[in-house]
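**Q** Encoded as structure tokens, here's the structure I'll be asking about.
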Amino acid sequence: MELYQITGRMHKLELVRMLAQRKEIRKDGLYVGQMPVLNYLAQHPGCTQVEMADFLQVSPASIALSTKRLQKAGYLTKEVDAKNLRCKRLYISAQGEQVRARCRQKMECLDRRAFAGFSQDELCALAQMLDRITINLTGEAENIVNGETFGSLHRELEHMDRAEKKG
């Protein structure tokens, strides 16, 4: 088998997974970028839009639009900060927490469906192979998978995109 055939399969898998995720969250009236907003609010009640934009590595304007839509849907509330009247604090509402939990359950079901029939040994072997591919491409000593790493990679992609648009 040619390597491009394997990478083509990996790319198709990611696209199929993204489509399935988007279809599921759309059933609850959410857009793709709104789940990370709700997740962040659940973990950081009382945050500001700027704090959220920094963490999620998106523009403040993007967060402003998402929070406006989520507030209109009843999924979050904005409260004026008592110490700084120009600052608004964000909180997930009970309805927002319900839709967040429902969507997270759907994502877990999607993942279980994707890996149905795989033994624990097969899952471990797959994880090790994916780690090895990532390490080969990055030169890192180990494949660390967390929000900070994703944020760093997204920033690098955005930087490259901006540079291409300028050039």
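Bear in mind these aren't lab numbers, they're just calculated from the coordinates by the rules spelled out. These numbers come from a predicted model, not from an experiment. All Cβ positions, glycine included, derive from the backbone under ideal geometry; neighbour counts span all protein chains shown.
**Q** Return the sequence-ordered ³J(HN,Hα) values of the range 64-69 in whole Hz as given by the Karplus equation 6.51 cos²θ - 1.76 cosθ + 1.60 applied to θ = phi - 60°, using x for Gly and Pro.
**A** 4, 5, 4, 5, 4, 5
**Q** Further question: For a quick check, take a GNM of the chain with Cα springs below 10 Å and name the residue from LEU38, LEU137, LEU65 with the largest mean-square fluctuation.
**A** Looking only at LEU38, LEU137, LEU65, the largest GNM fluctuation is found for LEU137.
**Q** I would also like to ask the following. Obtain the nm distance between the two label points defined at ARG113 and MET10 by a simple spin-label model: each point lies 7 Å from its Cα along the Cα-to-C-beta direction.
**A** Using points 7 Å along Cα→Cβ, the separation is 2.5 nm.
**Q** Pull out the extension gain between SER152 and GLN95, defined as 0.36 nm times the separation in residues minus the alpha carbon to alpha carbon distance; nm, one decimal. Show your work: numbers first, answer last.
**A** Numbers: separation 57, 0.36 × 57 = 20.52 nm, distance 3.16 nm.
Length gained between SER152 and GLN95: 17.4 nm.
**Q** Which label marks the calculated value of volume of the Cα convex hull per residue in Å³, given the options (i) 169; (ii) 111; (iii) 146?
**A** (i)
**Q** Using +1 at the Cβ of each Lys and Arg and -1 at the Cβ of each Asp and Glu in the range 1-116, identify which of PRO60, ILE92, HIS11 lies farthest towards the dipole's positive end.
**A** It is ILE92, whose Cα lies furthest towards the positive end.
**Q** Across the range 20-26, in residue order, what do the Karplus-derived ³J(HN,Hα) couplings come to in whole Hz, using 6.51 cos²θ - 1.76 cosθ + 1.60 with θ = phi - 60° and x for Gly and Pro?
**A** 5, 4, 5, 4, 5, 6, 5
**Q** Once amide H atoms are built 1.01 Å from N in the peptide plane, which residues 5 or more positions from ARG89, or in another chain, come under 5 Å H to H?
**A** Here GLU79, VAL80, ASP81 satisfy the definition.
**Q** Also, quick follow-up: Give me a comma-separated list of calculated 3J(HN,Hα) values for the range 44-59, in order, Karplus coefficients 6.51, -1.76, 1.60 applied at θ = phi - 60°, integers in Hz, x for any Gly or Pro.
**A** Calculated HN-Hα couplings, in order: 9, x, x, 6, 9, 5, 5, 4, 5, 4, 4, 5, 7, 6, 10, 6 Hz.
**Q** Something else now. I need to check one value: relative contact order of the range 23-167, counting alpha carbon pairs closer than 8 Å and at least 6 residues apart, in percent.
**A** Values: 104 pairs, mean separation 30.8, N = 145.
Here the relative contact order equals 21 percent.
**Q** What's the angle, to the nearest 10 degrees (0 to 90), between helix 147-166's Cα axis and the longest principal axis of the chain?
**A** Roughly 90 degrees between the two axes.
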